[in-house]
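A.B. asks: Here it is, the structure, as structure tokens.
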Amino acid sequence: MPSTSIWKSRYDPESEVLSVWFVASGKRYDYEGVPAEVYSEFRNAFAKGRFFNDRIRDRFRHRLIPDD
């Protein structure tokens, strides 16, 4: 199901970095140290925004990626 809060995401399994783009701001944040299992659950979650808030947000170190 498409998310109303998350525009897109990308995951690098080698570095365990999850990149998330948000609908409201258009901003991208990178979340470090996200295990592949958590990313898989996130991708398969019916409510991606809720899963993100419950299992990723504030649990992994993150940083805002400046616009190109």
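A.B. asks: Run the 1.4 Å probe and let me know the accessible area of Asp58, rounded to the nearest 10 Å².
C.D. replies: Looks like 130 Å² after rounding.
A.B. asks: Which of the trypsin sites (Lys or Arg not before Pro) across the chain are loop residues per DSSP, with 14 or fewer other Cβ within 10 Å?
C.D. replies: Values: sites: Lys8, Arg10, Lys27, Arg28, Arg43, Lys48, Arg50, Arg55, Arg57, Arg59, Arg61, Arg63; in loops: Lys27, Arg57, Arg59, Arg61.
When the trypsin sites (Lys or Arg not before Pro) of the chain are filtered for loop state and at most 14 Cβ neighbours within 10 Å, Lys27, Arg57, Arg59, Arg61 remain.
A.B. asks: Under the classification rounded if a/c is under 1.5, otherwise prolate if a/b is larger than b/c and oblate if not, where does the chain fall, given a ≥ b ≥ c as square roots of the Cα gyration tensor eigenvalues?
C.D. replies: Oblate, since a/c reaches 1.5 and b/c is not below a/b.
A.B. asks: Now for a separate question. With runs of 4+ DSSP H residues as the only contributors, calculate the mean residue ellipticity of the chain at 222 nm using -39,500 (n - 2.57) per run, divided by the residue total and rounded to the nearest 500.
C.D. replies: -7000 deg cm²/dmol
A.B. asks: Tyr11 accessible area, nearest 10 Å², 1.4 Å probe?
C.D. replies: About 40 Å², ignoring ligands and nucleic acids.
A.B. asks: Near the amide H of Glu16, under 5 Å away, which other amide H atoms are found, from residues 5 or more places off or on another chain, if H is placed in the peptide plane?
C.D. replies: none
A.B. asks: Separate question: Not counting the cut sites, what is the longest span of the chain without GluC sites (Glu not before Pro) that DSSP labels loop and that have at most 16 other Cβ atoms within 10 Å?
C.D. replies: Longest site-free region, per DSSP loop and neighbour criteria: 17-68.
A.B. asks: Could I ask something else about it? Between Phe22 and Ala45, what is 0.36 nm times their sequence separation minus the Cα-Cα distance? Round to one decimal in nm. Before the final figure, lay out each step's value.
C.D. replies: Details: separation 23, 0.36 × 23 = 8.28 nm, distance 1.65 nm.
Separation in residues times 0.36 nm, less the Cα-Cα distance, equals 6.6 nm.
The values are calculated or read from the model by the stated rules, or taken from the named source; none is laboratory data. Being a predicted model, the structure only gives us computed values, none of them experimental. For neighbour counting, all protein chains shown are included, and Cβ atoms are generated from backbone atoms with ideal geometry for every residue, glycine included. Just so you know, the surface numbers come from the protein's heavy atoms only, side chains and all, with ligands and any DNA or RNA stripped out. Shrake-Rupley method; radii C 1.70, N 1.55, O 1.52, S 1.80 Å.
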